[in-house]
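Since the structure comes first, as structure tokens, the remarks are kept for the end.
The values are calculated or read from the model by the stated rules, or taken from the named source; none is laboratory data. The structure presented is a predicted model; accordingly, all values stated were derived computationally and were not measured. Positions of Cβ are backbone-derived with ideal geometry, glycine not excepted, and every protein chain shown enters the neighbour counts.
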Amino acid sequence: MPLRLLQNLLGTTALGMAGVYEAVSEIARLSPMVIALRTDVALAALTDPTSVPADEPLRMVAEKFDAVAQGALAATLETGLAVGRGFVEQRVPFDAGFGIATAALAPIRGRLRDNVRRLAPGRLDRGPPTE
């Protein structure tokens, strides 16, 4: 295999690995924040039950199932696209697995971002969310 083809493969693979690393690191960074913010909301509910939205406990559970289902669907669609790209380019896409993993993690990342924005307006160092 010529060196330029190998460099092209490794270049796209590095980008794919970087995408997965970015997704996993953001999930690892935001998950403890959401847990802490939800703990704060639960403790506030102990002193004043009317201060917490009634659907928050149900939302904590339901959104996880929804994000996993959306991630599975996104991974399935990305798998189909990777197979199609493999037929068109007449080669097996080397970094298709990274694209599938990134697509599967995208709904989870989105839910975590939404939860941080919703639960912590003005509480974090970055100030209130801009719209």
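Conditions tested, residue by residue: (1) under 14 Å from the mean Cα position of the chain (by Cα); (2) surrounded by 13 or more Cβ atoms within 10 Å (Cβ to Cβ).
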{"residue": "ALA23", "(1), (2)": "yes, yes"}
{"residue": "ILE27", "(1), (2)": "yes, yes"}
{"residue": "VAL61", "(1), (2)": "no, no"}
{"residue": "GLY80", "(1), (2)": "no, no"}
{"residue": "ASP95", "(1), (2)": "no, yes"}
{"residue": "ARG109", "(1), (2)": "yes, yes"}
{"residue": "ARG113", "(1), (2)": "yes, yes"}
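Considering LEU105, LEU124, LEU58, which residue is over 16 Å from ALA23 (Cβ atoms) and modelled with pLDDT of 80 or more? Full working, then the answer.
Values: LEU105 fails: over 16 Å from ALA23 (Cβ atoms); LEU124 fails: modelled with pLDDT of 80 or more.
None of the other options fit; the residue is LEU58.
Scan region 34-46 and give yes if some residue there is touching a Phe, Trp or Tyr at 6+ places or on another chain (Cβ under 9 Å), surrounded by fewer than 16 Cβ atoms within 10 Å (Cβ to Cβ) and modelled with pLDDT under 85, otherwise no. Break it down stepwise before answering.
In the first step, residues of region 34-46 are kept if they are touching a Phe, Trp or Tyr at 6+ places or on another chain (Cβ under 9 Å); the result is none.
No, region 34-46 contains no residue that is touching a Phe, Trp or Tyr at 6+ places or on another chain (Cβ under 9 Å), surrounded by fewer than 16 Cβ atoms within 10 Å (Cβ to Cβ) and modelled with pLDDT under 85.
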